[in-house]
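Student: Mind looking over this structure? Questions follow.
The values are calculated or read from the model by the stated rules, or taken from the named source; none is laboratory data. Every value quoted in this text rests on a predicted model; they were computed, and no experiment measured them. Cβ placement follows ideal geometry from the backbone for every residue including glycine, while neighbour counts extend to all protein chains displayed.
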Amino acid sequence: MAPGEAAGLLPAGASAGAGGAGGAACGPGRDTPAWDLPAWDLPAWDLPAWDLPAWNFSDRDFPGLLAGAEAGPLFWPAARPDQESAWYGHVPFAHWLVSALRPALVVELGTHNGVSFLAFAEAARRLSGHTRCIAVDLWRGDAHAGFYDDTVHDGLAAVVADRYRDIAELWRMRFDQAVAQVADGSIDLLHIDGRHRYEDVREDFLSWRPKLSRRAVVLLHDTEERREDFGVWRFWAEIRDRVPHFGFTHAHGLGVLAMGAEVPDAVARLAACASHDVAETLRARFAALGARHEAEQAWHASARDNAVLRAHIARLQAHIEALAGYAAGLERALAEPPASGR
């Protein structure tokens with residue numbers, strides 16, 4: 001590198017000549033000025049030879065924490081990143097929870113496009129355990145989620161059949177029909193995300209409570225949603241002080257209830273953080289991890305919108321061309337002299 005370049009002194013496109021004088025041309029017919037720069041004598045630096053220690057990485061070192069098995073689930077991708085869902089912000093926590101809990105049976109009440117359900121199933125698949133995942137829904141929608149046709153169920157069913165047929169099942173029935181088909185004390189992870197009125201959430205919790213195991217964790221989505229007749233926040237406020245818990249406030253809120261007396265230590269420690277200063281740090285970091293999935297969902301939504309707009313523009317252009325052809329025909333017809341009568 002020439003001395004003038006090292007100091008950032010040369011104009012863009014110029015090069016330094018021998019001895020620091022710029023004599024090379026910048027382009028045809030253009031010469032750089034002859035700069036009189038002093039000859040720089042760089043000191044010979046006497047740097048010590050560094051002997052890096054032979055690191056014995058453990059899970060308590062920063063590289064070990066980031067690259068260790070416990071952190072892995074936090075960075076797994078969403079199983080179906082292109083769906084309309086308010087649940088993407090909690091996908092990293094769902095992956096972590098399944099990894100920490102290792103549930104034998106997961107039941108989800110209210111599934112829609114399956115973002116949360118597939119997060120549980122994907123974690124179970126990656127962990128190669130013996131987890132069974134059941135989604136219960138009529139797949140018709142409701143006043144809160146909106147109503148939809150069979151394409152929602154059929155799209156999710158295709159994904160389950162393709163990737164998770166050995167561990168996941170879709171039960172298309174009412175919650176009160178499904179509860180009789182599940183053994184008492186068998187559910188390790190219950191996710192309640194059906195109708196969001198207070199009475200509905202309370203009924204779902206009470207009717208399914210006998211099905212919970214001694215290791216059970218219950219998730220309640222939309223604990224921060226207070227619009228219209230949403231009432232999950234009311235039930236969450238009632239129940240959380242009676243049970244070890246942790247609450248997330250991002251992505252419409254997610255309540256975590258450590259219901260079982262024998263929940264794994266990692267879940268118990270999470271619940272113990274609820275009243276500690278570290279709780280806000282945990283919430284912020286899980287929100288940041290979830291934002292990645294929310295951004296990916298937004299990208300897919302924009303791509304779909306762009307595709308719709310491009311198709312609409314193409315139709316308009318075709319219509320314009322048709323109108324232009326019609327107008328040209330009219331102009332030709334007007335330009336022709338009228339046929340003379342006999």
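Student: Mind telling me which of the residues Val179, Val152 ends up being under 22 Å from Glu225 (Cβ atoms) and of a type in the set (A, V, I, L, M)?
Tutor: After applying the criteria, what remains is Val152.
Student: Quick one: which residue in Ile313, Ile320 is β-branched (Val, Ile, Thr), within 30 Å of Arg80 (Cβ to Cβ) and either modelled with pLDDT under 85 or assigned to a helix (DSSP H, G or I) (or both)?
Tutor: Ile313
Student: Looking at Asp229, Asp200, Asp193 in this structure, which one is farther than 23 Å from Val278 by Cβ and modelled with pLDDT under 95?
Tutor: Sole residue among the options that is farther than 23 Å from Val278 by Cβ and modelled with pLDDT under 95: Asp229.
Student: Out of Ala94, Ala78, which single residue is closer than 23 Å to Phe205 by Cα, touching a Phe, Trp or Tyr at 6+ places or on another chain (Cβ under 9 Å) and not hydroxyl-bearing (Ser, Thr, Tyr)?
Tutor: On inspection, the qualifying residue turns out to be Ala94.
Student: What pairs come out if I take residues in region 201-228 that are free of Cβ contacts under 8 Å to residues at least 40 places away in the same chain and pair them with residues that are of a type in the set (S, T, N, Q) and in a strand (DSSP E or B) whose C-beta lies under 7 Å away, six or more apart or interchain?
Tutor: So the pair list comes out empty.
Student: Give the number of residues within region 103-161 that are under 18 Å from Pro92 (Cα atoms) and within 22 Å of the chain's Cα centre (by Cα).
Tutor: 19
Student: Among the residues of region 262-321, write down those that are farther than 30 Å from Asp241 by Cβ and of a type in the set (Lys, Arg).
Tutor: Residues satisfying the conditions are Arg292, Arg304, Arg310, Arg315.
Student: Is there any pair linking a residue in region 176-196 that is closer than 22 Å to Gly129 by Cβ to one that is assigned to a loop (DSSP other than H, G, I, E, B) and at pLDDT 95 or above, with Cβ under 7 Å and at least six apart or on different chains, and which?
Tutor: Asp188/Pro103; Asp188/Ala104; Leu189/Pro103
Student: Okay, next question. Give region 131-172 a look and list any residue that's part of a loop (DSSP other than H, G, I, E, B) and surrounded by 12 or more Cβ atoms within 10 Å (Cβ to Cβ), or say none.
Tutor: Listed by number, the residues that qualify are Thr131, Leu138, Trp139, Arg140, His144, Ala145, Tyr148, Tyr164, Ile167.
Student: So, one more: Only one of Arg163, Arg172, Arg126 is within 20 Å of Ile192 (Cα to Cα) and of a type outside the set (Gly, Ala, Ser). Can you tell me which?
Tutor: Arg172
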